[in-house]
Structure formats: C-alpha cells, structure tokens
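Nothing in this text is a laboratory measurement; each read-out follows from the coordinates by a stated rule. The structure presented is a predicted model; accordingly, all values stated were derived computationally and were not measured. A quick note on method: Cβ atoms are made from the backbone with ideal geometry, for glycine too, and the neighbour counts reach across all protein chains shown.
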Amino acid sequence: MPPTFATLLAQFMRRIRASAAGVASEIGLSREAVNNWRNGDALPGRKHRDRVLACARYLRLTEVETNRLLRAAEFEPEFPAEAEAPAESVPTDAAPASVVQVFDRLQGLKPYPILMLLCPAHLGQPPERSAILAEAQRRFGVDCVLHLQPPYSLSAEPAAYFAALAAQCGLDGVDSDFAFESALARRLSAQRPLFVLVSRFEQGDPQQREVLAGILRSLSEMHSGRLFLLICGGAALADLKYQGGDLSLLNIATSERWPELAAADLLPQAQRRGLDGDAAARALRLSGGHPLLAEAALDRLAADADSSDDAHIDALSGFDPLWQSLLPLLSTASARAAISGWLGALRIGPARPYLLDPLLRGLYWANLLCERTEADGRWLQWRCEAIRRAGQQLLASSDTRSEPRA
C-alpha cells in the first residue's frame with residue numbers, strides 16, 4: 001500500500017528539520033492547517049494544489065517525490081511519468097545538516113551553480129561522501145547524479161584519462177576529450193538537470209585537468225542552470241583557485257569551506273558509545289571541532305566521564321595524529337620560532353580567503369587552525385587547547401635539534 005499524504009509530508013519535513021510554522025509561512029496557510037495535514041487529520045482541499053506544490057519546493061523535493069506527494073493528496077502529478085525513477089530507489093534517510101547547507105548554497109548560485117568546497121585534513125574528500133550522493137539523488141533523481149574522480153596517474157594518456165572518467169559516469173565508447181564532452185552534453189540535453197560531484201579535482205596530470213576544467217565550464221555555459229557542479233579538495237585545490245588563473249572553471253566557481261563540525265554531528269557517534277547530547281557538546285569543546293580528536297574525546301568520555309576537562313585535554317595532547325600533523329611543519333629553526341610565537345597568542349592573525357604565508361597555510365590545511373568570528377572580525381586561532389599543548393610539547397622536545405646543513 002502506498003504511503004499516505006500525512007506519512008510522506010512528515011517524512012519530508014523531518015528530513016530537512018522543517019517546522020509546521022516554517023512550511024505554513026512559505027505556502028500561505030496557518031500552522032494549524034499544516035499540522036492537520038501532517039497528523040492525517042485532513043487532506044489538502046481541491047483548491048490547494050498550488051499550495052502543495054509550494055510545499056514541495058520549500059521541502060526541496062525531487063520531481064519524483066513531488067509527484068508522489070501530489071498523488072497522495074489525490075492531485076494529478078506535476079512532472080512526466082517517464083522522468084520518474086522507482087520510488088524505492090530514492091534514499092529517504094535524513095541528510096546531515098552540513099550536507100543540506102551545502103546543497104542549499106549550490107542550488108542558489110546563479111548563473112553558474114558551481115561550488116568549490118575546500119576541506120581541511122581528516123574530513124575526507126569529499127567529507128560525508130555517501131550523504132552527499134544520497135542527498136543529490138533525492139534532489140536531482142538517481143539517474144541524474146555522477147561522481148568524477150580524476151585518475152591519479154601523472155602519465156595517463158588523454159584517451160585513457162577520459163575513458164576512465166567516462167566509465168565512472170556509465171558512458172560507453174569514449175576515447176577522447178571530445179567524445180567525453182559530447183557524451184555529457186547528450187546527457188544534459190536529454191534529461192533533467194545533472195549533478196556532478198568532482199572529488200580530488202587537483203590530483204593527476206595538470207594538462208588533462210585543465211582540459212577537464214574547460215569541458216565543465218563549456219557545458220556550464222551551454223546548459224546554464226542545468227549542470228550543478230560540486231568540486232571538492234583541499235590545499236592543492238585552493239592553490240589552483242588562487243594561483244592558477246588559467247583554470248577558467250575555478251575562476252567562475254564560488255569558493256566555500258566545509259561547515260564546521262557541530263554537536264549535532266557528533267551526537268550519533270556519542271549515542272553509539274552510550275553517551276548523550278551533553279557529552280557530544282563536551283567532546284566538541286575539548287576537540288575544537290577537529291574530527292579525529294573529537295572521536296578520541298568521545299572515547300575518553302565513554303571510558304571516564306568524571307575526569308576534569310584539563311585532564312582530558314592533557315591526554316588528548318598526546319594524540320598521535322596531532323603529532324603527525326605538527327612534526328613536518330617544525331622541520332626548520334625559522335618555522336619552530338614562528339610557531340612558538342603563535343602558540344602563545346590568542347589570535348594568530350586575521351582570516352583571509354587565501355593565506356599567503358606557507359607555514360600558516362600548512363597549519364590551516366592540517367586542520368590545526370580554524371577561522372572564528374569575534375566582534376571585530378574573523379581571526380585565525382588554534383582549534384583547541386589540546387593542539388596548543390601538543391605543539392608546545394613538540395617544541396620542547398626539539399630544543400636540542402639543530403638546523404639541517406645545506
């Protein structure tokens with residue numbers, strides 16, 4: 001038996017954490033009317049089809065989901081039946097708030113919905129990859145989502161490079177950059193808007209990467225508003241954006257950082273360890289939002305919730321990945337002197353779209369520094385006290401080291 005209108009509406013509202021008041025304000029009805037729909041006490045009246053469509057847009061439903069909601073309310077579907085995928089093939093689990101935020105931003109970009117998402121270390125590239133692809137399938141349809149991962153090889157011939165990309169997209173008979181562009185163009189002409197996730201865009205052969213960038217830009221211009229690009233990477237991608245002016249695709253891309261970790265993001269991990277929301281918030285405070293350190297903090301809280309914050313911080317300062325991140329940045333006397341001064345400062349410097357100092361860049365992309373907003377602007381700061389203590393311990397142990405000879 002197909003789900004009822006009330007069941008679908010409640011499911012779609014939960015997915016983006018929409019309130020009855022928010023839906024009501026958007027579609028021009030009372031909160032009580034929306035609650036009656038959601039609770040199954042009433043169906044939309046015959047004159048309310050446009051209100052249900054407005055509700056679908058507000059809840060960011062795909063064409064498939066919009067048709068399902070309309071049918072459940074006993075209305076005719078809005079979109080052609082041939083465009084629909086089987087309902088069960090569209091993921092229904094709620095996406096993390098950070099993923100929803102990224103998609104809302106991407107779908108609001110005009111004229112070119114191209115978002116370059118920069119991710120510091122330990123988040124994954126892209127972070128929340130499964131959730132990103134699932135959310136894309138919900139919004140664009142299962143058959144309108146592609147994931148490109150350029151080959152790592154620096155010696156790949158053009159034919160092999162673009163054949164590998166085509167295979168990731170399920171495109172047959174591609175043996176050149178022209179064939180790849182033509183195949184993607186046919187997809188864009190024949191189907192609904194297409195979402196493409198490009199992860200690790202900065203890797204591989206620079207020449208082929210520039211050709212890929214040109215293809216994606218050309219398709220974006222030819223099919224304005226129909227090709228949605230999410231390009232993920234880290235320090236090297238940022239360098240391409242700000243230092244590689246010839247990469248025209250990145251010049252028109254909107255650049256954003258991955259949203260900071262929140263206590264809500266840690267709650268599922270806390271619950272798996274038998275902890276509650278207060279423990280998740282405490283782990284976030286102890287780790288400063290460093291993803292690996294946050295997991296270590298949750299492990300410590302699960303084993304010993306009664307110890308003081310200072311005791312936990314002291315233990316976390318010996319966390320091996322912190323030392324692995326810091327040690328390569330302390331290889332010269334000048335770097336050790338600079339970092340020693342920064343470790344004693346509350347603020348390291350003003351946040352900028354691109355950090356010119358290579359040592360600051362290294363600390364930032366290692367996820368040891370973060371940007372925080374204060375009353376007088378955005379500033380670079382150490383993520384947390386555990387990272388500062390790890391740096392101080394490393395500096396103390398390296399006091400006897402000498403500068404390597406040239």
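Here the dipole of the chain is about 740 debye; that uses its Cα centre as origin and unit charges on the Cβ of Lys and Arg (positive) and Asp and Glu (negative).
A dipole drawn for the stretch 124-180 from +1 and -1 charges on Cβ atoms has a positive end, and of F162, V174, Q137 the residue lying farthest that way is Q137. For the pair the stretch 302-341 / the stretch 242-273, the C-alpha centres are spaced 24 Å from each other. Have a look at the DSSP beta bridges in the chain and tell me what percent are antiparallel, nearest 5. DSSP beta bridges in the chain are roughly 30 percent antiparallel.
With one equal scatterer per alpha carbon and no solvent term, the Debye-computed log10 I(q)/I(0) for the stretch 1-56 at 0.12, 0.22, 0.26 1/Å reads -0.23, -0.81, -1.15.
Relative contact order of the chain, please, whole-number percent, based on alpha carbon pairs below 8 angstrom and at least 6 residues apart.
On the way: 556 pairs, mean separation 51.6, N = 406.
It comes to 13 percent, rounded to a whole number.
Overall, the stretch 260-312 carries a charge dipole of about 140 debye about its Cα centre when +1 sits on the Cβ of Lys and Arg and -1 on the Cβ of Asp and Glu, all other atoms neutral. Only DSSP H runs of four or more residues enter the estimate; each adds -39500 (n - 2.57), and after division by the residues of the chain the mean residue ellipticity at 222 nm equals -15000 deg cm²/dmol. Here each label is just a point 7 Å from Cα along the line to Cβ, and for R372 and R57 those points are 4.1 nm apart.
Going 7 Å from the Cα of D357 in the Cα-to-Cβ direction, what parts of the stretch 316-334 have a backbone nitrogen less than 18 Å from that spot? Taking a point 7 Å out along Cα→Cβ of D357, the residues of the stretch 316-334 whose backbone N falls under 18 Å are 326-334. Here the stretch 86-224 is assigned +1 on the Cβ of each Lys and Arg and -1 on the Cβ of each Asp and Glu. Its dipole about the Cα centre then comes out at about 400 debye.
In this simple spin-label approximation, Q101 and S397 carry label points 7 Å from Cα along the Cα→Cβ vector, and these lie 3.4 nm apart. Each of [x] 0.95; [y] 1.02; [z] 1.14 is a candidate for Cα Rg over 2.2 N^0.38 Å; the one calculated from this structure is [z].
Of all the stretches in the chain, which is the longest one without any exposed loop site, taking GluC sites (Glu not before Pro) in a DSSP loop (any state but H, G, I, E, B) with at most 16 other Cβ atoms within 10 Å? Display every interim value, and only then the final one.
Values: sites that count: E74, E78, E260.
No qualifying site falls inside 79-259, the longest such stretch.
Please label the shape of the stretch 255-329 as rounded, prolate or oblate, based on the square roots a ≥ b ≥ c of the eigenvalues of the alpha-carbon gyration tensor (a/c under 1.5 means rounded; beyond that, a/b larger than b/c means prolate, else oblate). Could the numbers behind the result be given before it?
Details: a/c = 2.18, a/b = 1.15, b/c = 1.90.
Note, shape of the stretch 255-329 comes out oblate.
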